[in-house]
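Only one structure is covered here, and it is reproduced in the block below.
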Amino acid sequence: MPPIDPQSLRFFVDETSLGVGRALALLRRDVIHTNHRLIPEVPLGTLDDDWIPKVAARDLVVITRDKRIRTKHAKAMLYAQSGLRVFWLAGKKDLSNWETMCLLTRRWNDIEREIKERGPGPWFMAINEAKLSDMRIRFQGLS
């Protein structure tokens, strides 16, 4: 298999879903994750305030399981100010890596459609069992 072209990268999976990120990176050539060799500036343990702008600078779509995205407004504001496009793995129960991979596989065409239709960020989508839904996180001064 030829080496991955860094210009073809499209998705970043954060540390909250590291196992899923590693699996996706093996299955898809456009996915990287925390501690991936193609993003050395985001090693394990990198704080949100540090990795979010670095990932945004690469114009990558974020996949996260971070439950605090709805309650920590400072974090959501950082995502928004950075212009990130975010897919949040939603749900009341924690899914195993396998369950999460199955969910992402079922919803992947929807994910691709939303990226195409919505265009540039910031925007936030929740990935649920039945559908994707707009999280409608809005801040004054941001669209």
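The values are calculated or read from the model by the stated rules, or taken from the named source; none is laboratory data. Here the structure is a predicted model, which means the values were calculated and not measured. Methodologically, a virtual Cβ is constructed for each residue, glycine included, from the backbone with ideal geometry; neighbour enumeration extends over all protein chains shown.
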Selection from the range 16-61 of residues that are of a type in the set (D, E, K, R), in a helix (DSSP H, G or I) and under 17 Å from T100 (Cα atoms): R22
Taking the range 54-89 and keeping residues out of contact with any Phe, Trp or Tyr (no Cβ under 7 Å at 6 or more places or on another chain) and of a type in the set (G, A, S) leaves A56, A57, A74, A76, S82, G83
So G91, is it outside any helix (DSSP H, G or I), surrounded by fewer than 17 Cβ atoms within 10 Å (Cβ to Cβ) and among the small types (G, A, S): yes
Note down all Cβ pairs under 8 Å where the first residue falls in the range 81-98 and is more than 24 Å from W51 (Cα to Cα), the second is of a type in the set (S, T, N, Q) and in a loop (DSSP other than H, G, I, E, B), and they're at least six residues apart or on different chains. G91/N128
With M77, M135 as the choices, which residue is surrounded by 12 or more Cβ atoms within 10 Å (Cβ to Cβ), touching a helix residue (DSSP H, G or I) at 6+ places or on another chain (Cβ under 9 Å) and aliphatic (A, V, I, L, M)? M135
Those residues of the range 6-16 which are crowded, with 17+ Cβ neighbours inside 10 Å and modelled with pLDDT of 95 or more amount to L9, F11, F12, V13, D14, E15
